[in-house]
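Reviewing the structure listed below.
The values are calculated or read from the model by the stated rules, or taken from the named source; none is laboratory data. Predicted model, so just to flag it, every value in this text is computed and none were measured. For neighbour counting, all protein chains shown are included, and Cβ atoms are generated from backbone atoms with ideal geometry for every residue, glycine included. In case anyone asks, the SASA skips ligands and DNA or RNA and just uses the protein heavy atoms, side chains included. Shrake-Rupley method; radii C 1.70, N 1.55, O 1.52, S 1.80 Å.
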Amino acid sequence: MYNGLLIRYGELYLKTSFVRKHFERILVDNLNRGFKDSAVKARTKLIFGRIIVETDYIEKASRVLDHTFGVVSYSPIIICDKKYCEIKKGAREIAKKFAKNTTFAIEARRSDKSFSPNSQQLKEKIGDEIRKMGFVVDLSKPNNRLCIEVRD
C-alpha cells in the first residue's frame, strides 16, 4: 500500500542556505549509499525541509533510515497524483489498515495554493470519508493522525 517514506531531518533548517544545501546533499548521498548497500531499490527526492524516498521496500528502507545519521524521524506515505479523488483513495486505503474502534485526526497542508479544495475543506472532506467507513474523527485525543500534504 505505502509507496514511499517522508524523512524529517535535524536542525539543518537553521543553517544558511549554502550550508544547508551542502549538508542536505551529504544526507541524500548517505541515504543512497545505504540503500545501495542494502540492495533496496529507492529513489530519493530532496524537497524543502524534507526528503521523499520512493520505494516499494518500506521495511528494508526503514532499516537503512534507522542507521543513517541526521535522520530524525520518518513516516510511511502514499505518493499519489495531485487530484482530490487520488488523495481520497489513499486516505481510505490507510484507514482500512486500522481497527474500527480507533479514532483519527485529519491534518492537511498545501504548499500549492492553486490546489482546490483548500486545507480546511480538504480536512473536512477526508474526515467525512473516514466517518463513512465507520471510524470516529476525534481532534482532541486521536489514536492516529492522518496527514495530507499537497505539494508543487
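A few comments on the model shown:
- You will find that of 50, 33, 92, the residue that is among the basic types (Lys, Arg), modelled with pLDDT of 95 or more and open to solvent by 40 Å² or more (accessible area, probe 1.4 Å) is 33 and no other.
- Scope segment 50-78; condition more than 25 Å from residue 95 (Cβ to Cβ) and in contact (Cβ under 8 Å) with a residue 24 or more places away in the chain; matching residues: 51, 63, 64, 67, 68, 69, 70, 71, 72
- Matching residues in segment 106-136 - criterion: being surrounded by fewer than 18 Cβ atoms within 10 Å (Cβ to Cβ), under 19 Å from the mean Cα position of the chain (by Cα) and of a type in the set (Gly, Ala, Ser): 111, 119
- When the helices (runs of 4 or more DSSP H) confined to segment 48-152 are screened for residues that are hydrophobic (A, V, I, L, M, F, W, C) and more than 30 Å from residue 37 (Cα to Cα), those reaching at least 1 such residues are found at 84-96, 119-132.
- Residue match in segment 9-26 (condition: in a loop (DSSP other than H, G, I, E, B), within 23 Å of residue 151 (Cβ to Cβ), touching a strand residue (DSSP E or B) at 6+ places or on another chain (Cβ under 9 Å) and open to solvent by less than 30 Å² (accessible area, probe 1.4 Å)): yes
- Segment 89-106 residues that are without any contact (Cβ under 8 Å) to a residue 12 or more places away in the chain and farther than 16 Å from residue 141 by Cα, paired with ones that are part of a loop (DSSP other than H, G, I, E, B) and among the hydrophobic types (A, V, I, L, M, F, W, C) (beta carbon under 8 Å, 6 or more apart): 89/80
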